[in-house]
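Q: Next up is a structure, given as structure tokens.
The values are calculated or read from the model by the stated rules, or taken from the named source; none is laboratory data. Computed from a predicted structure; not experimentally measured. So basically every Cβ, Gly included, is an ideal-geometry build from the backbone, and we count neighbours across all protein chains shown.
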Amino acid sequence: MPDEKTPEALLRRHLNVHEAVGWIGEFALKHARQDGGFTVTEEHIKKIHFICMSGLLDDAETGCYRQAQLRPLGKHRPPRWEDVVKHMQGFVKELNKKWYLYNPIQIGAYAIWRLNWIHPFINGNGRTSRLFGYLLMNMRAGYKFPGKRGYLVPEQLGGKKHAQYVKALRHADKQADDSYLKPMEEVLSETLRVQLTEL
């Protein structure tokens with residue numbers, strides 16, 4: 001696991017996330033449709049991970065699914081690495097099935113939680129899931145959400161709202177009933193509200 005606490009690595013992490021946010025904005029401007037139509041692929045996820053982790057992971061691990069077992073995340077034990085491909089294929093299939101059934105907040109909440117649950121990469125799963133969920137929120141809405149850097153949804157989830165975001169993830173992991181994603185939806189609604197008011 002790489003050490004991202006050195007000044008050089010922290011700078012690289014910041015620059016990579018900045019680049020990923022820019023890529024999402026450009027992608028949404030170019031591909032978003034007024035009817036919110038979109039087909040999700042695994043390549044969208046791998047692309048975001050590749051941008052986020054360039055210079056922080058070996059080339060063979062950047063944008064590629066893990067080939068090692070991960071330690072438990074609290075009470076959640078990520079799936080065996082041998083099962084990651086199967087889980088990711090099922091995840092993308094489920095996203096496309098739910099696409100028109102879910103609004104932008106719901107699709108983002110489901111994507112962020114499920115991608116974190118699978119933890120398909122050796123590192124960078126959190127930032128990749130936050131950015132991927134944000135991409136889907138834009139695409140489902142059918143346009144690029146306006147906002148200033150520092151106030152964008154994934155930046156808030158990785159910053160001021162991080163504790164609330166992690167708590168929502170752990171709640172969803174329990175899947176006790178149909179409301180398992182409600183806390184994540186509330187976090188996304190609040191962060192999007194902040195983004196849209198801080199223009």
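Q: Take the conditions at pLDDT 95 or above, assigned to a loop (DSSP other than H, G, I, E, B) and more than 15 Å from residue 136 (Cβ to Cβ) and apply them to residue 63. Does it pass?
A: Numbers: at pLDDT 95 or above: yes; assigned to a loop (DSSP other than H, G, I, E, B): yes; more than 15 Å from residue 136 (Cβ to Cβ): yes.
Answer is yes for this residue.
Q: Scanning for something buried (at least 24 other Cβ atoms within 10 Å of the Cβ) and in contact (Cβ under 8 Å) with a residue 40 or more places away in the chain, does segment 174-183 turn up at least one residue?
A: no
Q: Same structure, new question: For segment 1-53, how many residues meet the condition of being over 17 Å from residue 137 (Cβ atoms), without any contact (Cβ under 8 Å) to a residue 40 or more places away in the chain and either surrounded by fewer than 14 Cβ atoms within 10 Å (Cβ to Cβ) or among the polar types (S, T, N, Q) (or both)?
A: Residues in segment 1-53 being over 17 Å from residue 137 (Cβ atoms), without any contact (Cβ under 8 Å) to a residue 40 or more places away in the chain and either surrounded by fewer than 14 Cβ atoms within 10 Å (Cβ to Cβ) or among the polar types (S, T, N, Q) (or both): 11 in total.
Q: Which of the residues spanning segment 157-185 are within 16 Å of the chain's Cα centre (by Cα), farther than 13 Å from residue 113 by Cα and charged (D, E, K, R)?
A: 161
Q: Among the residues of segment 171-188, is there at least one that is under 20 Å from residue 28 (Cα atoms) and assigned to a helix (DSSP H, G or I)? First the steps, then the outcome.
A: Step one: list which residues in segment 171-188 are under 20 Å from residue 28 (Cα atoms), which gives 188.
Within this subset, residues satisfying the condition of being assigned to a helix (DSSP H, G or I) are 188.
Looking for residues that are under 20 Å from residue 28 (Cα atoms) and assigned to a helix (DSSP H, G or I), one finds at least one in segment 171-188, hence yes.
Q: Moving on to the next point. For segment 150-181, name all the residues that are within 22 Å of residue 138 (Cβ to Cβ) and among the charged types (D, E, K, R).
A: Scanning segment 150-181 gives 155, 160, 161.
Q: Being among the small types (Gly, Ala, Ser), in a helix (DSSP H, G or I) and crowded, with 19+ Cβ neighbours inside 10 Å, is that true of even one residue in segment 90-101?
A: No: segment 90-101 contains no residue that is among the small types (Gly, Ala, Ser), in a helix (DSSP H, G or I) and crowded, with 19+ Cβ neighbours inside 10 Å.
Q: Is segment 1-12 home to any residue that is under 22 Å from residue 133 (Cα atoms) and not charged (D, E, K, R)?
A: no
Q: Using the structure shown, decide if residue 84 is touching a His at 6+ places or on another chain (Cβ under 9 Å), surrounded by 16 or more Cβ atoms within 10 Å (Cβ to Cβ) and β-branched (Val, Ile, Thr).
A: yes
Q: Which ones in segment 117-131 are part of a helix (DSSP H, G or I) and either out of contact with any helix residue (DSSP H, G or I) (no Cβ under 9 Å at 6 or more places or on another chain) or surrounded by 24 or more Cβ atoms within 10 Å (Cβ to Cβ) (or both)? Before you say what the answer is, go through the steps one by one.
A: Going through segment 117-131, the residues part of a helix (DSSP H, G or I) turn out to be 117-118, 125-131.
Correct list: 128, 129, 130, 131.
Q: A further question follows. Considering only segment 66-89, state which residues are closer than 24 Å to residue 154 by Cβ and either of a type in the set (A, V, I, L, M) or not in a loop (DSSP other than H, G, I, E, B) (or both).
A: 70, 73, 76, 84, 87, 88 - these are the residues of segment 66-89 that are closer than 24 Å to residue 154 by Cβ and either of a type in the set (A, V, I, L, M) or not in a loop (DSSP other than H, G, I, E, B) (or both).
Q: To continue, here is another question. Of the conditions (1) at pLDDT 95 or above; (2) on the phi < 0 side of the Ramachandran plot; (3) out of contact with any Ser or Thr (no Cβ under 6 Å at 6 or more places or on another chain), residue 177 satisfies every one except a single condition; which number is it?
A: Single failed check for residue 177: (1).
Q: Just checking, which of 51, 24 is in contact with a Leu (Cβ under 6 Å, 6 or more places away or on another chain), modelled with pLDDT of 95 or more and β-branched (Val, Ile, Thr)?
A: Values: 51 fails: in contact with a Leu (Cβ under 6 Å, 6 or more places away or on another chain).
Only one candidate passes the filter, namely 24.
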